[in-house]
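K.L.:
Let me begin by handing over the structure; questions about it come next.
Every read-out reported here was derived from the displayed coordinates using simple, explicitly stated rules and does not represent laboratory data. Because the structure is predicted, anything quoted here is derived from the model rather than measured. Glycine also receives a Cβ, built like all others from the backbone with ideal geometry; neighbour counts cover every protein chain displayed.
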Amino acid sequence: MWPVMHDRGFRGLHADALFASGVQRCDAPDAAQVRQAIAVAIRAFGRTGCAGRVAKEFGDHPETAVIRMRWARSAADAAFEESAPAPDPGADAGRWHAVRPRLPADRVAGSPGARPHDLAVFLAGEAVT
């Protein structure tokens with residue numbers, strides 16, 4: 001049996017809430033209906049109540065619960081993916097981003113074989129002795 005990790009973020013909460021809701025896959029809900037069902041389930045059961053209902057269903061009917069959870073995860077992801085604003089790839093273009101190069105161990109002060117008077121060590125900000 002595979003180990004199971006529960007998603008504790010919003011993605012997991014949305015899937016649990018949709019799973020616990022009365023919406024069925026055969027209803028073919030659109031994104032707005034999925035978001036509404038999730039909100040209603042969270043208000044009605046809370047985070048732990050939704051997770052408890054998921055756990056109970058997995059204990060009682062694991063073979064059908066797996067199928068429902070796969071649907072709930074994909075439907076919730078699709079519903080919230082639509083509503084999320086697209087990230088702006090040029091939003092950070094005006095800022096400077098400096099990264100210091102990583103030096104090999106023999107070039108860093110304090111490492112065996114380091115040469116503290118080396119220019120690379122000085123530029124890396126290490127103390128020169």
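K.L.:
Hand me the trypsin sites (Lys or Arg not before Pro) from the stretch 3-66 located in a DSSP loop with no more than 13 other Cβ atoms within 10 Å, in residue order please.
P.N.:
R8
K.L.:
Over the stretch 10-83, consider all pairs of different Cα atoms and compute the Kirkwood hydrodynamic radius from their mean reciprocal separation; express it in Å, one decimal.
P.N.:
Computed over Cα pairs of the stretch 10-83, the Kirkwood hydrodynamic radius comes out at 11.9 Å.
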